[in-house]
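Scroll down for the structure; my scribbles are underneath it.
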Amino acid sequence: MVTPSPPEPFNPHTVTLPAGSQLVRVFNNAPGRTAAIFNPGLGPGGRFSFFGSPPVPVLYAAQTQEAAICETLLHDVPVTGGVLFPEDYENKVAARLSTTRDLRLASFLGTGLRALRIEAAQLADTTASEYPRTVGWAEAAHRCGLDGVAWMSKRCNSDRAYVLFGDRLTSTDLEIDPTYGRIFATGADLDWLIDFCAGLHVDVLAPRV
């Protein structure tokens, strides 16, 4: 389905992430990267990024670790099954963030979709070919002064996914949870990933020795 342009005026329903809410993020374990660093506009962008000139930095996260993995490591693996190669996960880690203040997000889920007269299949559940149009909805939410967007994960639709706007949050609005972390390259975290993916008909190939 083709994604329409956002309505004008744009008056979305909002959801609030209360202070202390936990988000899970899967990201590249590159030097200098931490879980709380926003993407300044590198790469091809996604469903709700990038927009603006210069681009508004964004941080994608999810409600659960399962949704975070489905939205990243398994993003391009067909639902019918497939293979996860070492280069797909060896440089990836998972971390958990806690919000230190209430965050107000545009609701692109539930009745929030109906309020905007759009279906999930046109916005939160589209193919990647619609990203040039879905990103316009994030830009509209940004113009409303909101902190980001919430929607139901396309690939794990029991859980929410989030994008946060880096020019609306400060470095103190997110804290890294020191009690949680996964390094998928080896050890118990790799074993966990193998077991999780096996139940989704995805074979995780072992790293090269």
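Taken together, the values in this text are just the output of simple stated rules run on the coordinates, not laboratory data. None of these values were measured; they are calculated from a predicted model. Cβ atoms come from the backbone with ideal geometry, glycine included; neighbour counts cover every protein chain shown.
So here's what we get for this one:
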item: Residue in segment 38-73 that is surrounded by the fewest Cβ atoms within 10 Å (Cβ to Cβ), counting only those that are of a type in the set (Phe, Trp, Tyr) and out of contact with any Pro (no Cβ under 9 Å at 6 or more places or on another chain); result: Phe51
item: Selection from segment 74-86 of residues that are exposed (fewer than 11 other Cβ atoms within 10 Å of the Cβ) and under 11 Å from Pro207 (Cα atoms); result: none
item: Criterion violated by Gly148 - all others in (1) in contact (Cβ under 8 Å) with a residue 12 or more places away in the chain; (2) out of contact with any helix residue (DSSP H, G or I) (no Cβ under 9 Å at 6 or more places or on another chain) satisfied; result: (2)
item: Residues that are among the hydroxyl-bearing types (Ser, Thr, Tyr) and without any contact (Cβ under 8 Å) to a residue 24 or more places away in the chain, drawn from segment 102-139; result: Thr127, Ser129
item: Only one of Thr186, Thr99 that is among the β-branched types (Val, Ile, Thr), closer than 17 Å to Val24 by Cα and out of contact with any Phe, Trp or Tyr (no Cβ under 7 Å at 6 or more places or on another chain); result: Thr99
